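The values are calculated or read from the model by the stated rules, or taken from the named source; none is laboratory data. On a predicted model such as this, the values are computed, not experimentally measured, just so you know. Methodologically, a virtual Cβ is constructed for each residue, glycine included, from the backbone with ideal geometry; neighbour enumeration extends over all protein chains shown. Remember, those area values only see protein heavy atoms, side chains included, never the ligands or the DNA or RNA. Shrake-Rupley method; radii C 1.70, N 1.55, O 1.52, S 1.80 Å.
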Amino acid sequence: MARWLKQGIDEAARREIDNKVRQTVEDAIRDVEVRGDAAVREMSIRFDGLDRESYRLTDQEIQACLNELSEGELEDIRFAQAQVRNFAEIQRASMLDVEQETLPGVFLGHKNIPMNSVGCYVPGGKYPLLASAHMSVLTAKVAGVKRVVTCAPPFKGKPAAAIVAAQHLAGADEIYVLGGIQAIAAMAVGTKTIHAVDMLVGPGNAYVAEAKRQLFGRVGIDLFAGPTETLVIADETVDGEICAVDLLGQAEHGRNSPAILLTVSEKLAHDTQREIERLLDLMPTGETARAAWDDYGQIIVADDYEDALRVADDIASEHVQVMTDRDDWFLKNMTNYGALFLGPRTNVAYGDKVIGTNHTLPTLKSARYTGGLWVGKFLKTCTYQYVKTNEATTLVGEYCSRLCALEGFAGHGEQANIRLRRFGGLDVKPYTAAARTTAKVG
């Protein structure tokens, strides 16, 4: 049975934090619904310190942001985007439209239809996380989305040049310097200056995640997202330093980002804990990482690899870094994770920034039932039916008529019966007034 050498804060404390966030978001969304652009502007001034007549960037402002970056920096962005685009295109090619004659004269099929409009949120108030632009905008464009809107908060009082460049190079149609709840609400609800979208995607802080949750149904969302999570599964094929680096490298995302070591080696567990304390004093982002580690960090020692697998699937972490003598075994047997990073030469930062897979991934145990953002999230797989012969509609119609009678659905049955009369030449009586009064509707 696995043993916890370190645990984070309890569930009651987490729920209290969540409840406060929920109420704040609910009030803010209602304000945008009622007052529109005025509410968005007030929240932008209050939370981001930015006051503009229009929060959409002009072509001149976009070009000014591009001019702020060196050619080397732009080339780095283009390289990362090429990797993301390539993998998204591979995924899109795997999704085929189909049509099959399932009975003589009966054709069934489906088409993969892109969303018409998508709103992409790119977090950047604390760090300018330009990689989120690649992951959302590029993937939507590869899927064929016609209108892609992006919102990112200002960085140090102005549009973040690197984020704007990434949004523009990825193909965004509208770029807004707008953050937080107000950005999510504006894209979903719509205002006089920002037309509503059909779907929201992209990571963000607790307020952004909660806003997406509350707006789900009015618009689609990619997934329910919480703070960044990382799980390192390791044994003594690696040392405490590399485990500590991989844990703290993700803990710097935010003060509530869970980072968990799961190991079959008690020695590695203690070595990693010592390395974490050493590195926290050296990290430029150590204050944030320490808060996350103190409150949300865990160290778990499993009895064996089977025990570790059971615990890992129960945790269902967003990122899972595997560094063991049996990495392929974990790949074959793990079922609940957002993304796997296999072997000591791989790491979560590669996936976050450049390698090509998408970094918008399920958190809060939602990896039990969904994967992360990918090109397929921007496509609706819609079916169609086409009956082309009299014989086919007669065959299907006779079955349909009898099954509708069994259920008591007279109107459904008549849809079949009228075709049996017109295309099959059968003497099937239409429903009568008496039948309407006695029909049992199930």
- prompt: Within region 104-121, is even one residue open to solvent by less than 10 Å² (accessible area, probe 1.4 Å), under 27 Å from Glu68 (Cα atoms) and β-branched (Val, Ile, Thr)?
  reply: no
field: Filter result (open to solvent by less than 50 Å² (accessible area, probe 1.4 Å) and either assigned to a helix (DSSP H, G or I) or without any contact (Cβ under 8 Å) to a residue 40 or more places away in the chain (or both)) within region 1-36
entry: Ala13, Val21, Val25, Ala28, Ile29, Asp31, Val32
task: Could you grab me the full set of residues in region 206-218 that are open to solvent by less than 10 Å² (accessible area, probe 1.4 Å) and more than 11 Å from the chain's Cα centre (by Cα)?
output: Val208, Ala211, Leu215
query: Does region 75-82 contain any residue that is at pLDDT 95 or above, acidic (Asp, Glu) and part of a strand (DSSP E or B)?
result: no
message: Checking the structure you have, find out if any residue of region 226-242 is in a loop (DSSP other than H, G, I, E, B), surrounded by fewer than 21 Cβ atoms within 10 Å (Cβ to Cβ), of a type in the set (S, T, N, Q) and in contact (Cβ under 8 Å) with a residue 24 or more places away in the chain.
response: yes
field: Selection within region 359-409 - hydrophobic (A, V, I, L, M, F, W, C), in contact (Cβ under 8 Å) with a residue 24 or more places away in the chain and farther than 28 Å from Val98 by Cβ
entry: Leu361, Leu364, Ala367, Phe409
The listed residue being under 30 Å from Glu71 (Cβ atoms), touching a residue at least 40 places away in the same chain (Cβ under 8 Å) and of a type in the set (S, T, N, Q), out of Gln214, Gln167, Gln182: Gln167
Among (1) crowded, with 19+ Cβ neighbours inside 10 Å; (2) in a loop (DSSP other than H, G, I, E, B); (3) hydrophobic (A, V, I, L, M, F, W, C), the one test that Val428 misses: (1)
task: Quick one: which strands (runs of 3 or more DSSP E) lie wholly within region 257-358 and hold at least 2 residues that are open to solvent by 30 Å² or more (accessible area, probe 1.4 Å)?
output: 339-342
task: Write out, first by first residue and then by second, each pair whose Cβ atoms fall under 6 Å of each other, whose residues are 6+ apart or on separate chains, and whose first residue, in region 147-163, is at pLDDT 95 or above while the second is hydroxyl-bearing (Ser, Thr, Tyr) and open to solvent by less than 30 Å² (accessible area, probe 1.4 Å).
output: Arg147/Ser117; Cys151/Tyr121; Cys151/Tyr176
field: So Lys111, is it among the basic types (Lys, Arg), out of contact with any helix residue (DSSP H, G or I) (no Cβ under 7 Å at 6 or more places or on another chain) and without any contact (Cβ under 8 Å) to a residue 40 or more places away in the chain
entry: no
field: Residues that are over 29 Å from Arg78 (Cβ atoms) and aromatic (Phe, Trp, Tyr), drawn from region 325-359
entry: Trp329, Phe330, Tyr337
Hits in region 83-100 - residues which are in a helix (DSSP H, G or I), open to solvent by less than 90 Å² (accessible area, probe 1.4 Å) and free of Cβ contacts under 8 Å to residues at least 12 places away in the same chain: Ala93
